[in-house]
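The values are calculated or read from the model by the stated rules, or taken from the named source; none is laboratory data. Nothing here was measured: the structure is a model prediction, and the numbers come from that model. Don't worry about glycine lacking a Cβ; one is built from the backbone with ideal geometry, like all the others, and counts go over all protein chains shown.
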Amino acid sequence: MSDEEKINLESKETLEDKKLNLRPRNLDKFVGQDNLKSNLKTYIESSKKRKNNLDHIILYGPPGLGKTTLSHIISYEKNVNIHSTSGPAFTKKGDLVTLLTNLAEDDILFIDEIHRLSPIVEETLYPAMEDYKCDYIIGSGPSARVMQISIERFTLIGATTRLGLLSRPLRDRFGIQLQLDFYNPADLKNIILLSSKKFNTKIDESAAFEIAKRSRGTPRIAIRLLKRIIDFSVVQNLPTITNMVVEDSLKKMRIDSEGLDDMDRKYLKCIAIDYNGGPVGIETLSASLLEQKDIIEDVIEPYLMQQGLVQRTSRGRILSEKGHNHIQITL
Ligand code: ADP
């Protein structure tokens, strides 16, 4: 297996995504994120008119909002090749140099979790992004020589959960910075309706809306819940997914009225009960919940904060009144 193939295995496009064509292929089919889409359309059109490669793009936002999907859409829209990889896949500088030197003009290099590149690999990216050059070390020890090689003009698309996780020099080298927000239930409902068609499943509009409201504003969660609800309805021989089967299945999956799961509730209860509503620091929470700090900050907290259940202050996390009320209901 070539290095590139190995690196491509890190790509998040699952076989099922590919088979069912779950990922939309052009910008018009990408639901929601209207402001981002309209700006991106302009940048793509302008680069086509100028017959130039697109400026480097950083996509940031919580997991499952469509960063990988968008990067593929950009390659379809520009009609260029995309090479997908992820930050942790690069163990040494040479891996990146090999990939960069194999890029053709206008190609897109997509690096997911770009904040997880090691500093030495990250530094290799700087001249590549700015001057389309990369340093290559030939030989080792005292006889080692540094050679600079030119590479084709390419577009780097980086994806990360939070822009702040990137070092300043790397962040500044992205000419286009696009933030993905949580989706509203109406957009998620459309994603669910489109996905059920691809799954060959009938679903009532109100049932799709109910799943949408409980999907934490995230397409990946919406599609996952839909798949599990299909399982429940198939086993019960139901011809259509109705509100009743949605309610029943979500209850069995322990997803509550706000779409929160066991982990979310454990987090809220920990602040409410163990720390008297806060403030409590992230390190303390991480130790109490036996959960990695990154998971808490990138996966659990963003939605709870967006919903106003928790607030982040300089002294730590505080449960809001809404958070307290929610815990009362679910206790
Ligand atoms: P990320 O890279 O941000 O973690 P992905 O691009 O992998 O998220 O998206 C997760 C799933 O959600 C994919 O199956 C994708 O098809 C779907 N998805 C994400 N955003 C949209 C959207 N706007 N419209 C339709 N499907 C979407």
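Among the residues making up the range 290-315, those that are surrounded by fewer than 17 Cβ atoms within 10 Å (Cβ to Cβ) and touching a helix residue (DSSP H, G or I) at 6+ places or on another chain (Cβ under 6 Å) are Lys293, Gly308. In the range 174-202, the residues that are under 19 Å from Val245 (Cβ atoms) and at pLDDT 95 or above form Cβ pairs under 6 Å with partners that are of a type in the set (S, T, N, Q) and crowded, with 16+ Cβ neighbours inside 10 Å, at six or more places apart or across chains, as follows: Leu188/Ser215. Among the residues of the range 167-192, those that are in contact with a His (Cβ under 8 Å, 6 or more places away or on another chain) and surrounded by fewer than 21 Cβ atoms within 10 Å (Cβ to Cβ) comprise Arg173, Gly175, Ile176. Note on the range 44-74: residues that are over 23 Å from Arg116 (Cα atoms) and over 17 Å from the mean Cα position of the chain (by Cα) total 11. Taken as a whole, the condition of being on the phi < 0 side of the Ramachandran plot, among the polar types (S, T, N, Q) and away from the ligand (no atom under 15 Å from the Cβ) applies to Thr42.
Within the range 131-162, the set of residues being acidic (Asp, Glu) and at pLDDT 95 or above comprises Asp131, Glu152. Scanning the range 254-262 turns up at least one residue that is in a helix (DSSP H, G or I) and not hydroxyl-bearing (Ser, Thr, Tyr).
Among the residues of the range 245-262, the ones that are exposed (fewer than 14 other Cβ atoms within 10 Å of the Cβ) and in contact with a helix residue (DSSP H, G or I) (Cβ under 6 Å, 6 or more places away or on another chain) come to 1 in all. For beta carbons closer than 7 Å, sequence separation of 6+ or different chains, a first residue in the range 132-147 that is on the phi > 0 side of the Ramachandran plot and a second that is in a loop (DSSP other than H, G, I, E, B) and of a type outside the set (D, E, K, R), the qualifying pairs are Tyr132/Ile151. Taken together, Phe182, Phe199, Phe209 contain a single residue that is aromatic (Phe, Trp, Tyr) and over 19 Å from Leu65 (Cα atoms), which is Phe199. Restricted to the range 148-166, and to residues there that are more than 19 Å from Ser86 (Cα to Cα) and in contact (Cβ under 8 Å) with a residue 40 or more places away in the chain, the residue that is surrounded by the most Cβ atoms within 10 Å (Cβ to Cβ) is Ile151. Given the criteria among the β-branched types (Val, Ile, Thr) and within 16 Å of the ligand (Cβ to nearest atom), does Ile114 qualify? Yes: the conditions hold for Ile114. If I filter the range 219-226 for residues that are buried (at least 21 other Cβ atoms within 10 Å of the Cβ) and basic (Lys, Arg), do I get at least one hit? No, the range 219-226 has no match at all. If you go through the range 1-25 and keep only what is farther than 15 Å from Thr68 by Cβ and either surrounded by fewer than 10 Cβ atoms within 10 Å (Cβ to Cβ) or modelled with pLDDT of 95 or more (or both), you end up with Met1, Ser2, Glu5, Lys19. Only one of (1) more than 21 Å from the chain's Cα centre (by Cα); (2) within 14 Å of the ligand (Cβ to nearest atom) is not met by Arg220, so which one is it? Result: Arg220 fails condition (1) only.
Listed by first and then second residue, the pairs linking a residue in the range 57-83 that is in contact (Cβ under 8 Å) with a residue 60 or more places away in the chain and within 12 Å of the ligand (Cβ to nearest atom) to a residue that is assigned to a helix (DSSP H, G or I) and basic (Lys, Arg), with Cβ atoms under 6 Å apart and 6 or more places separating them unless they lie on different chains, are Leu59/Lys67; Gly64/Arg220.
When restricted to residues that are touching a helix residue (DSSP H, G or I) at 6+ places or on another chain (Cβ under 6 Å) and either more than 13 Å from the ligand (Cβ to nearest atom) or among the polar types (S, T, N, Q) (or both), the range 177-213 contains 11. Determine, yes or no, whether Gly175 is within 21 Å of Ile120 (Cα to Cα) and among the small types (Gly, Ala, Ser). No: the conditions fail for Gly175.
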